[in-house]
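Readers should treat all values here as calculations from the given coordinates under stated rules, not as data from a laboratory. Computed from a predicted structure; not experimentally measured. Glycine gets a Cβ as well: all are built from the backbone with ideal geometry, and neighbour counts include every protein chain shown.
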Amino acid sequence: MKRLQAGAQSDRDLYALVEAFFRTSFSTDNVVITEAVRRMLAAGGKRLRPRLLLLAAEAMGADAREHLPLAAYMELIHVGTLIHDDVVDGARTRRGVNATAVDFGNRVSVLAGDYLFAWIFKNVTANYAAPVPNLLATTLADITDGEVLQHRAVGKLDLPLADYVEIAIKKTAALFAASAECGAIVAEGTPLRVNALRDFGLYYGVAFQMLDDLLDFTASEAELGKPVGNDLREHKMTIPVILALENGGSSLREALARFYEGAPGGNEPVAALIAAVGEAGGFSRTRESIMSYVERAKASLAPLGTAPARAELVALADALARDSAVRARG
C-alpha cells in the first residue's frame, strides 16, 4: 500500500477525485439504472461520505486514490436510499431537480434502488475482505430500520429526544460511521484509530442530521432543493420540533396537533408554525445540540495524533458548527 507525504492531498482534491471517478468509472450492466443513478449524481451533493472514507485512509498514511472505488460505493449506498426515500415520501424534487420517480416512475425507481444495492454488494464482497462487507450489510440494515422507526414516529408529539437520536443514528449517522471506519480498516489502521474514526463518523452524522432538520425550517427552497418546511408537511418529528415543544407550552402543541391531525382549525400556515418553533427555542436549542455532537466528534480524533488528515476532519465538523450558528438565527 502506497503511503503519502504529509498533506499530499487536500479536501478539495478529494472531492475532485470522487467526481472524476464517477464520471469515468461508474457503470452498471443495466442502462436504465445507470442513467437514473447518473442523473442523481449529476444533481450535486457534497460527497461527504466518500470524503470521510478517503480522509480516514489518509489519516492512516494511505494514498486516497487507492480507495476510490470503496469511497464511491459509500456515496452510491446513499444515492440508493435517496431514490427509495423519494418513492416512499412521494417527493417531487431532490437537490433542485426532478426526483427519480418523477422521470422514471415509482416501479423503475424502486427496482433501481434495489439493483444498485445488489450491484454494490456484489462488488464489495468480490473485492474486500471481512469485516468490510459485514459492516456495510449491517449499516444498510440500520438505515432501513431507522426509516421504519421514523415512519412509526410520524405525528407523535410526545416522541422522546432519545428516540429521535436513535433514529438519527440509524438512518444517517450509521453510514458516516461506516465510511470512516472502512477507510481506516482498508488502510490498515490500528484498532484504536479505527474505533476513533468510527466514533467521529457517528457523532458527525448525528450533528449532520440535526443540521439537516434545522435547515428544513430556516433555509430557502433554492438552498434545499425542495420546499421549505417539508418535514412539517410530512409530520416528521425532528429535533427543532421536539425541543420547541419542551419550551413552547400548550399553544404550540395544540397548533401542531391540529396541523398533524388535519382537524378543523388546523390550517395554520407552515410559515406560522416555523416561526412558532423558532420563538419557542427550537432553533437555538438545536444549535446547542449540534455543537455538543460536533465537540464529541472532534474529541474522538485524539488517537490520530498529528496526522494531517485530522485537521481536515476537524474542519468538516467545524463547518457544521458554523452553519448551525447561522441557521439558528432563522
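Scanning region 230-251 for residues that are surrounded by 19 or more Cβ atoms within 10 Å (Cβ to Cβ) and over 20 Å from L161 (Cβ atoms) yields nothing. Search region 185-204 for residues being aliphatic (A, V, I, L, M) and over 16 Å from the mean Cα position of the chain (by Cα), and hand back the single one that is surrounded by the fewest Cβ atoms within 10 Å (Cβ to Cβ). That would be L192.
Condition check ((1) closer than 30 Å to A62 by Cβ; (2) touching a residue at least 40 places away in the same chain (Cβ under 8 Å); (3) in contact with a Lys or Arg (Cβ under 6 Å, 6 or more places away or on another chain)) across all residues:
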{"site": "N134", "(1), (2), (3)": "yes, no, no"}
{"site": "A153", "(1), (2), (3)": "no, yes, no"}
{"site": "P191", "(1), (2), (3)": "yes, no, no"}
{"site": "G205", "(1), (2), (3)": "yes, no, no"}
{"site": "D216", "(1), (2), (3)": "no, no, no"}
{"site": "R233", "(1), (2), (3)": "no, no, no"}
{"site": "K236", "(1), (2), (3)": "no, yes, no"}
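If you go through region 57-76 and keep only what is aliphatic (A, V, I, L, M) and part of a helix (DSSP H, G or I), you end up with A57, A59, A64, L68, L70, A71, A72, M74, L76. Looking across L68, L54, L14, L41, one residue alone is within 30 Å of S300 (Cα to Cα) and surrounded by fewer than 24 Cβ atoms within 10 Å (Cβ to Cβ). It is L68. Restricting the first member to region 40-69 and to residues that are charged (D, E, K, R), and the second to residues that are surrounded by fewer than 24 Cβ atoms within 10 Å (Cβ to Cβ) and not in a helix (DSSP H, G or I), the beta-carbon pairs closer than 6 Å and six or more apart or on different chains are D63/K2; D63/L4. Against the criterion of being touching a residue at least 60 places away in the same chain (Cβ under 8 Å) and more than 24 Å from H235 (Cβ to Cβ), V97 qualifies.
Within region 166-184, the residues that satisfy the criterion of being touching a Leu at 6+ places or on another chain (Cβ under 8 Å) and buried (at least 23 other Cβ atoms within 10 Å of the Cβ) are I167, A173, A174, F176, A177, A178, S179, A180, E181, C182, G183, A184.
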